Amino acid sequence: MKGNVTDQALEHIIIVGGGTAGWIAAAALGKVFKNRAAKVTLIESEQIGTVGVGEATIPEILRFNRVLGIDEDDFVKSTYGTFKLGIEFVDWNCLGDSYIHPFGRYGKPLDSIAFYHHWQKMQNLGKADDLTAYCLAIQACYQNRFTRPLNIANSPLQDIAYAFHFDASLYAKYLRRHAEKNGVKRIEGLVQRVDLNPDSGYIEQLCLSDGRELQGDFFIDCTGFRGLLIEQALHTGYNDWSNYLPCNTAVTVASKRLDPLPPYTRASAREAGWQWRIPLQHRTGNGYVFCDRYIDLAQATETLLGNLDSEPISEPRAIKFTTGKRKKIWHKNCVALGLSAGFLEPLESTSIHLIYEGIAHLLGLFPTKHFSQPMVDKYNAMQEKTFTNIRDFLILHYKLTSRTDSPFWQYCRRMDTPPSLQQKMDLYKASGRIYRENNELFGEVSWFAVMRGQGFHTQNYNPIADMIDVNSLEKQMANIKQVIANSCQTMPNHAEFINKYCASSTER
């Protein structure tokens, strides 16, 4: 390599596509390159709509907001946001059953052993209450309560983990203001042609429909399912995971605001998929994710509209997709983000997180004009692991169902299980152990919550839990349960909390 790193530094980064992915990328890069030599340009066209269904998030969003210096109350107000403590799954194991996957932990570790091992031991002895009694997040969901973490020593109130629901289109606009404040330039335009270097195959310039030409060093594809750069120009290929996650269509509709206002997302299993409910300050987001081999769009729309908790206020809209990911998310001088990189259905609200993760990995492996292939390979390997870990966690919900009431659920019960997921299930069944590997997104609490909730039980636990005398453990668990109940009672109502700190304007 000739010259030093400064000589090789990127001069012009072009983001193609706006929406959530494009403006997340622009906001992050604008922050990094503010007052520096590299120029960041975003091209988007108002002629092209965005999918805009990613309205629920997970707690990792707080870290991204802190990096950008976002004021949380202003952010919630600007996006008609609400707070989220977990996800309720209805009818997934069997009809009439439900459970909550909480963001917060169960109980607290005792003798350095995770609480769920002690609970399993006492459950075997008939001395444990229902698992939900030991989780503040779940109790708060049941009672529609919320507060941010409070500085109270040795209290579960200091460890509250939360995320947000928000209007995705308003979120993109909010991030646009941050990005432009930091020097990102937006160009209104439609990319008509992508010119590649005839020798290297790298992207050289973009030609817009009005004749303008834009040259860049590095390109970020945020064009959604089209993959205008990563697929249509660079032909990277796609790994189709629909054999594991067969849903391929979603129909969405907005409905009136819920009252009371729940601090959680709901995912209700239906005949051929599942229906989401996302509460916002001004409306409710709803959608039915389904497999069109088992139900047609008209039936799915009828099912969605027939199961709303409030009156619809928009026309239903359908979206087609194929679950999977690009074979190469970074190829040559182009990285794909968001739907351009791949799609994993929003069952665990991971879509926006995948964008953050893609940006974080990119900044950790940020290139020069040299584009070191080992760095590109490392990025792709990291993204492969991220997507695969989330994919396995989503499959778990389908695979562990006890439902046999429709062909769709019968398929899910008998479909193949990826070896990586089967190993986790086997380990838990045989020993009660759950391991978080390679800093994967979902930890012990998440895997335990879903496996228990889906009826995948074990009587096994870490034998070190036996070091605590049963009578002593019974007293400690009773105390934890009481502290949880008392703490929940001190939390304000979710809607009252919003009204006090971050209520949006009534004008839409």
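Return the residues of region 82-124 that are within 17 Å of ARG277 (Cβ to Cβ), small (Gly, Ala, Ser) and surrounded by 22 or more Cβ atoms within 10 Å (Cβ to Cβ); say none if nothing qualifies. Of everything in region 82-124, just one residue is within 17 Å of ARG277 (Cβ to Cβ), small (Gly, Ala, Ser) and surrounded by 22 or more Cβ atoms within 10 Å (Cβ to Cβ), namely GLY86. For TYR435, the stated conditions hold: it is of a type in the set (Ser, Thr, Tyr) and at pLDDT below 95. Considering only residues in region 455-508 that are more than 22 Å from TYR99 (Cα to Cα) and of a type in the set (Val, Ile, Thr), the one that is surrounded by the most Cβ atoms within 10 Å (Cβ to Cβ) turns out to be ILE498. The single condition among (1) assigned to a helix (DSSP H, G or I); (2) among the basic types (Lys, Arg); (3) free of Cβ contacts under 8 Å to residues at least 24 places away in the same chain that LYS31 does not meet is (3).
For beta carbons closer than 7 Å, sequence separation of 6+ or different chains, a first residue in region 422-447 that is at positive phi and a second that is in a helix (DSSP H, G or I), the qualifying pairs are GLY432/HIS117; GLY432/GLN120; ASN438/LYS385.
For region 168-243, list the strands (runs of 3 or more DSSP E) that sit wholly inside it and hold at least 3 residues that are touching a strand residue (DSSP E or B) at 6+ places or on another chain (Cβ under 8 Å) and in contact (Cβ under 8 Å) with a residue 24 or more places away in the chain; which are they?
Details: elements: 185-188, 191-196, 203-208, 213-215, 218-221, 238-240.
Because the criterion is at least 3 residues that are touching a strand residue (DSSP E or B) at 6+ places or on another chain (Cβ under 8 Å) and in contact (Cβ under 8 Å) with a residue 24 or more places away in the chain, the strands (runs of 3 or more DSSP E) in region 168-243 that meet it are 185-188, 191-196, 203-208, 218-221, 238-240.
Please verify whether region 369-383 includes one or more residues that are in contact with a helix residue (DSSP H, G or I) (Cβ under 7 Å, 6 or more places away or on another chain), modelled with pLDDT under 95 and farther than 20 Å from TRP241 by Cβ.
First pass over region 369-383, keeping only residues in contact with a helix residue (DSSP H, G or I) (Cβ under 7 Å, 6 or more places away or on another chain): 369-370, 379, 382-383.
Of the ones still in play, those that are also modelled with pLDDT under 95 are 369-370.
Add one more test, that the residue is farther than 20 Å from TRP241 by Cβ, and what stays is 369-370.
Yes: one or more hits.
Taking the conditions (1) under 30 Å from ILE464 (Cα atoms); (2) in contact (Cβ under 8 Å) with a residue 40 or more places away in the chain; (3) among the aliphatic types (A, V, I, L, M) in turn, LEU62 satisfies each one other than (1).
May I ask you to list the residues in region 474-505 that are part of a loop (DSSP other than H, G, I, E, B) and either farther than 28 Å from PRO109 by Cα or touching a Leu at 6+ places or on another chain (Cβ under 8 Å) (or both)?
Initially, region 474-505 is screened for residues part of a loop (DSSP other than H, G, I, E, B), giving 491-492, 502-505.
The answer is MET491, CYS502, ALA503, SER504, SER505.
Of ALA137, ALA114, ALA168, all but one fail to be at pLDDT 95 or above and in contact with a helix residue (DSSP H, G or I) (Cβ under 7 Å, 6 or more places away or on another chain); the exception is ALA114.
The values are calculated or read from the model by the stated rules, or taken from the named source; none is laboratory data. Remember, predicted model here, so these are calculated numbers, not experimental data. Quick reminder, even Gly has a Cβ in these numbers, built from the backbone with ideal geometry, and neighbours come from all protein chains shown.
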